[in-house]
Amino acid sequence: MRRFHLGHFGHHHCRNARGEHEDGLSGGRGPRGGRGGGRVFGHGGLRFVLLQLIADKPSHGYELIKAIEDRLGGSYAPSPGVVYPTLTLLEELGHLSVETADGGGRKRYSITPGGQEFLAANREMADAMMARMSGGVDGAGPRGGRPPQVTRAIENLKLAMRMRLSGTPLTEQQAHDFAAVLDSAAQQIEKI
């Protein structure tokens with residue numbers, strides 16, 4: 001059985017088919033290009049999605065990739081170079097068990113009691129990741145996407161943040177103020 005070397009805190013980097021580095025704990029770019037290949041799940045989020053999908057139904061790696069793609073309306077599919085190392089990590093952490101289910105040697109993953117406990121302890125994060133999938137990549141659902149004025153505002157905010165953060169480093173007070181503006185915006189959006 002092939003094992004992947006796990007570095008500090010389980011981080012491992014893989015090269016995808018195009019030779020680009022992908023972080024095994026984030027979404028990575030899918031085989032279909034995935035709308036610019038942004039981090040769909042964020043740091044560590046893919047682990048929760050895979051665990052939840054397997055908790056719902058023991059599956060092969062290919063089935064998991066397909067399930068994520070289907071839930072995102074075909075707009076994104078994580079690459080095997082991200083999914084399989086993450087599954088191996090979850091197995092090594094004792095969250096998944098593996099059985100070879102058919103003559104082709106494909107592995108079928110099932111959640112272990114330890115995996116169930118981990119999922120329960122991180123229920124909020126797992127639910128957030130699953131909810132994010134039902135909203136599509138960056139909130140653009142499978143049908144129709146988001147209103148243009150919202151897209152413009154999001155891009156405007158991203159640009160403003162990038163420009164400010166690429167300039168002179170923030171002082172301690174500026175960092176607090178910066179975070180307060182973003183937290184306030186998030187709270188106001190949740191009330192809409």
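Some notes on this structure:
- Pick from segment 64-123, criterion in a strand (DSSP E or B) and among the β-branched types (Val, Ile, Thr), ranking: nearest to Phe41 (Cα to Cα): Ile111
- Criterion violated by Thr151 - all others in (1) at pLDDT 90 or above; (2) closer than 30 Å to Val83 by Cβ; (3) not assigned by the TED database to the domain that holds Phe48 satisfied: (1)
- The C-beta contact set for segment 116-133 (first residue under 13 Å from Leu50 (Cβ atoms), second residue open to solvent by 70 Å² or more (accessible area, probe 1.4 Å), distance under 7 angstrom, 6+ apart or interchain) comprises Met133/Arg71.
- So Gly7, is it modelled with pLDDT of 50 or more, over 20 Å from Gly105 (Cα atoms) and surrounded by fewer than 16 Cβ atoms within 10 Å (Cβ to Cβ): no
- Looking only at residues of segment 54-63 that are part of a helix (DSSP H, G or I) and open to solvent by 30 Å² or more (accessible area, probe 1.4 Å), we find that the one that is farthest from Gln116 (Cα to Cα) is Tyr62.
- Verdict on Ala185 being at pLDDT below 85 and within 25 Å of the chain's Cα centre (by Cα): no
- Members of segment 80-94 found to be touching an Asp or Glu at 6+ places or on another chain (Cβ under 9 Å) and open to solvent by 10 Å² or more (accessible area, probe 1.4 Å), listed by number: Gly81
- The lone criterion from (1) modelled with pLDDT under 50; (2) among the aromatic types (Phe, Trp, Tyr); (3) in the same structural domain as Asp127 (by the TED database) left unmet by Tyr62 is number (1).
The values are calculated or read from the model by the stated rules, or taken from the named source; none is laboratory data. Since this is a predicted model, take the numbers as computed values, not measurements. We place every Cβ from the backbone using ideal geometry, glycine too, and count neighbours over all the protein chains shown. Ligands, DNA and RNA are stripped out before the accessible areas are found, and what is left, the full protein with its side chains, is counted by its heavy atoms. Shrake-Rupley method; radii C 1.70, N 1.55, O 1.52, S 1.80 Å.
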